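S.K.: After the structure tokens below, expect a handful of questions from me.
The values are calculated or read from the model by the stated rules, or taken from the named source; none is laboratory data. Only a predicted model underlies this, so the values are computations on that prediction, with no experimental measurement involved. Glycine also receives a Cβ, built like all others from the backbone with ideal geometry; neighbour counts cover every protein chain displayed. Accessible surface is based on the protein model in full, side chains and every heavy atom, while ligands, DNA and RNA are left aside. Shrake-Rupley method; radii C 1.70, N 1.55, O 1.52, S 1.80 Å.
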Amino acid sequence: MSGILTEQNLIWRARARAVAEKVVRPLAAKYDRLQEYPWDIKEAIAKAGLMGVWIPEEYGGAGGGVIDLCICVEELSRACGGVGVLYAVNALGTFPVLVGGTEEQKHRFLRPIAKGEKLISFGLSEKFAGSDAASLRATAVRDGDFYVLNGEKKWNTNGGAADIYTVFAVTDPGSKSRRTSAIMVEKGTPGFRIGKVEDKMGIRCVPVVEIHFEDCRVPVKNLLGEVPGMGFKHAMMTLDKARPGVAAQAVGLAQGALEYAMVYAGYREQFGAPISSFQMIQGMLADMATKVEAARNLVYVAALAVDRGEPNVSKLSAMCKLFATDTAMEVTTNAVQIFGGYGYMRDYPIEKYMRDAKITQIYEGTNQVQRMVVARSLIKESLGLKHLLDFIPKEIQKGVNDPETLKRLAEETANALDVPTHHS
């Protein structure tokens, strides 16, 4: 990876890895069992200066990019996938501000996040609007100097722990292209409350909750960009920037599971030899390692493309999210298999990796949606490749597409369209 990563990237990697090994790994099982927010881990991450890695220096951050975010997420996720998303979700919540906020909003909301003083959350999904983000039902109605929010949000990661919420709501029900807006809601605002706290299979140390709005009055100055109707655009731009982060979480989980499997395979003996000497196990480990490395490279390439503002980052972001998260699920499942019966036991560390990996295939766009994004991009690209048709043999079948048949069909179509007009 030395040809891709800069010296600064490697510094962030070393710093994140130190926190992961010294603080996160020893506490991962505890917070998974308790399903509590690990404030001590969060403080260690903040103390290491990691909370504002991706935020520009002018807004109090370190001035890194999505590539630096991904490196840190990967390292934290090697030790605990839940901590990886606990960290990454702060980027998810801030990206709408970075892509659509005013200068005043960027200073007001990003500075405390960068310092680690506040946490932020991202409120897009609803019970009946997950992949279909255009079908939101939560509303924000203008009332003088306020917007009045009513409705619910589902799957709100970091909810309850966060101080600031980037909430997407309908501001113009009659519009198709400018139906929604993003509004920044602060904890403690009257009419805002936390609802159901989800009991999750994985990533248990970070809360996922419902949030409810009941005549919640938010100042107009909190409307992102101070121009209504830009919410869907801000959400899609955000997901393009954020998906490499989810992919990096998956890479970290896969790498961590692979490392445990490698060590265990060398330690566990059967038939008088360590199982790492068996060809079957060697083949599994080789395939696992190859896919992890391929996923890592794809994630880094996508992250760098986002940072450079390259065109068509949607395809690359979708590709890396799709491939890395599928890889994570495969690798963590195989790692459990290598552990055998012990891999199924909660007092062994490996089953947690599989539980944490599963959600990466679902949130921030299911992998079915990612395949749609990639396929649509490929179809558009194919329009610029029509010259390749000259090199593909064209089959002719009499009565279907031979010259005489085509001429006859053209004449019949022309005659059918030549209908005389009758005037009364």
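A quick yes/no check of all residues on (1) under 19 Å from the mean Cα position of the chain (by Cα); (2) in a strand (DSSP E or B):
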| position | (1), (2) |
| --- | --- |
| 155 | yes, yes |
| 173 | no, no |
| 177 | no, no |
| 183 | no, yes |
| 188 | no, no |
| 193 | no, yes |
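S.K.: Considering only helices (runs of 4 or more DSSP H) fully contained in segment 315-424, which possess at least 1 residues that are touching a residue at least 40 places away in the same chain (Cβ under 8 Å) and among the aromatic types (Phe, Trp, Tyr)? Outline the logic, then answer.
M.R.: Details: elements: 350-358, 367-382, 403-417.
Those helices (runs of 4 or more DSSP H) span 350-358.
S.K.: Please determine, by comparing only the residues of segment 89-133 that are small (Gly, Ala, Ser), under 16 Å from the mean Cα position of the chain (by Cα) and open to solvent by less than 20 Å² (accessible area, probe 1.4 Å), which one is nearest to residue 47 (Cα to Cα).
M.R.: Quick first cut of segment 89-133, residues small (Gly, Ala, Ser) only: 91, 93, 100-101, 114, 116, 121, 123, 125, 129-131, 133.
With the extra rule that they be under 16 Å from the mean Cα position of the chain (by Cα), the set shrinks to 91, 93, 121, 123, 125, 130-131, 133.
Pick out the ones that are also open to solvent by less than 20 Å² (accessible area, probe 1.4 Å) and you get 91, 93, 121, 123, 133.
Working: 91: 17, 93: 20, 121: 20, 123: 27, 133: 36 Å.
Only one residue tops the list, namely 91.
S.K.: What are the pairs, 6+ residues apart or on separate chains, where a residue within segment 123-137 that is under 15 Å from residue 150 (Cα atoms) has its Cβ under 7 Å from a residue that is crowded, with 17+ Cβ neighbours inside 10 Å and acidic (Asp, Glu)?
M.R.: 126/152; 127/152; 136/126; 137/126
S.K.: Here's a check for you: in segment 38-80, which residue that is at pLDDT 95 or above, small (Gly, Ala, Ser) and surrounded by 24 or more Cβ atoms within 10 Å (Cβ to Cβ) is nearest to residue 160 (Cα to Cα)?
M.R.: Our first condition is that a residue be at pLDDT 95 or above; within segment 38-80, this holds for 38-51, 53-80.
Cutting the leftovers down to small (Gly, Ala, Ser) gives us 44, 46, 48-49, 60-65, 77, 79.
Within this subset, residues satisfying the condition of being surrounded by 24 or more Cβ atoms within 10 Å (Cβ to Cβ) are 77, 79.
On the way: 77: 22, 79: 24 Å.
The qualifying residue nearest to residue 160 (Cα to Cα) is 77.
S.K.: Return the residues of segment 233-283 that are under 19 Å from the mean Cα position of the chain (by Cα) and among the aliphatic types (A, V, I, L, M); say none if nothing qualifies. I'd like the intermediate steps shown before the answer.
M.R.: Our first condition is that a residue be under 19 Å from the mean Cα position of the chain (by Cα); within segment 233-283, this holds for 233-255.
Residues satisfying the conditions are 235, 236, 237, 239, 242, 246, 247, 248, 250, 251, 253, 254.
S.K.: I need the full set of residues from segment 128-180 which are of a type in the set (D, E, K, R) and closer than 28 Å to residue 371 by Cα, in order please. Talk me through it step by step, then tell me what you get.
M.R.: First pass over segment 128-180, keeping only residues of a type in the set (D, E, K, R): 132, 137, 142-143, 145, 152-154, 163, 172, 176, 178-179.
Correct list: 132, 137, 153, 154, 176, 178, 179.
For (1) open to solvent by less than 20 Å² (accessible area, probe 1.4 Å); (2) of a type in the set (Gly, Ala, Ser); (3) at pLDDT 95 or above, each residue gets a yes or a no:
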| residue | (1), (2), (3) |
| --- | --- |
| 220 | no, no, yes |
| 224 | yes, no, yes |
| 228 | no, no, yes |
| 254 | yes, yes, yes |
| 260 | no, no, yes |
| 266 | no, yes, yes |
| 271 | no, no, yes |
| 276 | no, yes, yes |
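S.K.: Further question: Identify, from the list 356, 402, the residue that is of a type outside the set (Phe, Trp, Tyr), surrounded by 10 or more Cβ atoms within 10 Å (Cβ to Cβ) and closer than 30 Å to residue 199 by Cβ. Quick ask: steps written out before the conclusion?
M.R.: Numbers: 402 fails: closer than 30 Å to residue 199 by Cβ.
Every option except 356 fails the conditions.
S.K.: Go through 197, 208 for me and flag whichever is of a type in the set (Val, Ile, Thr) and either under 16 Å from residue 145 (Cα atoms) or buried (at least 20 other Cβ atoms within 10 Å of the Cβ) (or both).
M.R.: After applying the criteria, what remains is 208.
S.K.: Kindly provide the set of residues from segment 134-153 that are in contact with a Pro (Cβ under 9 Å, 6 or more places away or on another chain), surrounded by fewer than 22 Cβ atoms within 10 Å (Cβ to Cβ) and assigned to a strand (DSSP E or B), ordered by number. Walk me through it before giving the result.
M.R.: Narrowing segment 134-153 to residues in contact with a Pro (Cβ under 9 Å, 6 or more places away or on another chain): 139-140, 142, 145-147.
Filter once more, keeping what is surrounded by fewer than 22 Cβ atoms within 10 Å (Cβ to Cβ): 139, 142, 145-146.
If the condition is that a residue be in contact with a Pro (Cβ under 9 Å, 6 or more places away or on another chain), surrounded by fewer than 22 Cβ atoms within 10 Å (Cβ to Cβ) and assigned to a strand (DSSP E or B), then 139, 142, 146 are the ones that fit.
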